[in-house]
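Some notes on the structure that comes next.
The values are calculated or read from the model by the stated rules, or taken from the named source; none is laboratory data. Being a predicted model, the structure only gives us computed values, none of them experimental. With ideal geometry, Cβ positions are generated from the backbone for all residues, glycine too; neighbour counts draw on all protein chains shown. Heads up: the accessible areas ignore ligands, DNA and RNA and are worked out on the full protein's heavy atoms, side chains in. Shrake-Rupley method; radii C 1.70, N 1.55, O 1.52, S 1.80 Å.
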Amino acid sequence: MDTIFQIAVLVMSVVIHEVSHGYAAEILGDPTARLQGRLTLNPLKHLDPVGSVIIPLLTSLTGFTFGWAKPVPYNPYNLRNQKWGELAVAAAGPLVNIFLALVFGLLIRFSGATFGPAAVNIFTVIVIINLVLAIFNLLPVPPLDGSKILWAFLPYRFRRIRESIERFSFLFVIIVVFAVWEFLSPVIVQLFSLITGFNL
């Protein structure tokens, strides 16, 4: 039951993450996500068979549930601000995960006794998963959001290099998951303690 619940929280968190990208693009002038019916919190519109089902099930066996949803499509050429628009769209996902982690983390810190142990356990899962999603997606590795933020600060001539790297993006993600988790997990533990006032 705990595994199913963790996967459910993960799925909804990545759905909110992706929808945030779509809304940011919509605000900046690109209607692609809306026209394709992706500005919805209905998880069925966003589920990726591998990233939303298989990977979460496999990673949950190690005690660390991880996964992703189908990326919400957008056309960067439709964005009103061509220089910083893609950065804003990319940043929207991690920012909403940070927001969720802060909201539920502060509920643990200031209202934990009010909600009781069961609710605190639920909030804890939400905080941890959203911290993981935010920090992981901010890594400057294609196709993660952090890479799009990085490219916004680099000269246009690097675009061809970007396109070459992004062809192997799935391989990059797999390598990063296994290579950096050992270094990211202490950061997540510290952030959890900072927000909630409790130690994992």
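Just a few scattered comments:
- For segment 55-104, the Rg and Dmax computed from alpha carbons only, in angstrom: 15.3, 44
- A simple rule links phi to the HN-Hα coupling: the Karplus curve 6.51 cos²θ - 1.76 cosθ + 1.60 with θ = phi - 60°, which for segment 104-121 gives 6, x, 6, 5, 5, 5, 9, 9, x, 5, 5, 7, x, x, 5, 5, 4, 4 Hz, with x for Gly and Pro.
- 16 Å tail of the calculated P(r), segment 104-167, as % of Cα pairs: 58
- Listed values for segment 128-137 are Karplus-derived 3J(HN,Hα) couplings in whole Hz (6.51 cos²θ - 1.76 cosθ + 1.60, θ = phi - 60°), namely 4, 4, 6, 5, 4, 4, 5, 5, 4, 5, and x replaces Gly and Pro.
- Normalised by residue count, segment 1-60 yields a Cα convex hull volume of 71 Å³ per residue.
- For segment 120-151 and segment 181-200, distance of Cα centres in Å: 13
- Expressed as a fraction of 2.2 N^0.38 Å, the C-alpha radius of gyration for segment 25-89 is 1.40.
- Fraction of accessible area attributable to carbon and sulfur, segment 44-200 (%, probe 1.4 Å): 71
- Around the amide H of Val141, modelled in the peptide plane, lie the amide H atoms of Gly146, Ser147, all under 5 Å away and 5 or more residues distant in sequence or on another chain.
- Helical content of the chain, expressed as a calculated mean residue ellipticity at 222 nm, amounts to -22000 deg cm²/dmol (DSSP H runs of 4 or more residues, -39,500 (n - 2.57) each, divided by residue number, nearest 500).
- Protein heavy-atom accessible surface, 1.4 Å probe, per residue over segment 68-200: 58 Å².
- Accessible surface for segment 17-67, divided over its residues, is 50 Å² per residue with a 1.4 Å probe.
- Estimated distance in nm for a label pair at Gln82 and Val53, the labels positioned 7 Å out from Cα along Cα-to-Cβ: 4.2
- For the listed peptides 181-188, 113-120, 44-51, a ranking on the average number of other beta carbons within 10 Å per residue, highest first, reads 44-51, 181-188, 113-120.
- In order along segment 183-200, the Karplus-derived 3J(HN,Hα) couplings, from 6.51 cos²θ - 1.76 cosθ + 1.60 at θ = phi - 60°, round to 8, 7, 4, x, 5, 5, 4, 5, 5, 4, 5, 4, 6, 8, x, 10, 9, 6 Hz, and Gly and Pro are given as x.
- Note on Leu41 and Ala8: their simple-model spin labels are 1.5 nm apart, each label 7 Å out from Cα toward Cβ.
- Stretchable slack from Arg160 to Ala179, in nm (0.36 nm times residue separation minus alpha-carbon distance): 4.2 nm
- Mean shadow area of the chain, taken as a quarter of the surface of its Cα convex hull (nm²): 11.7
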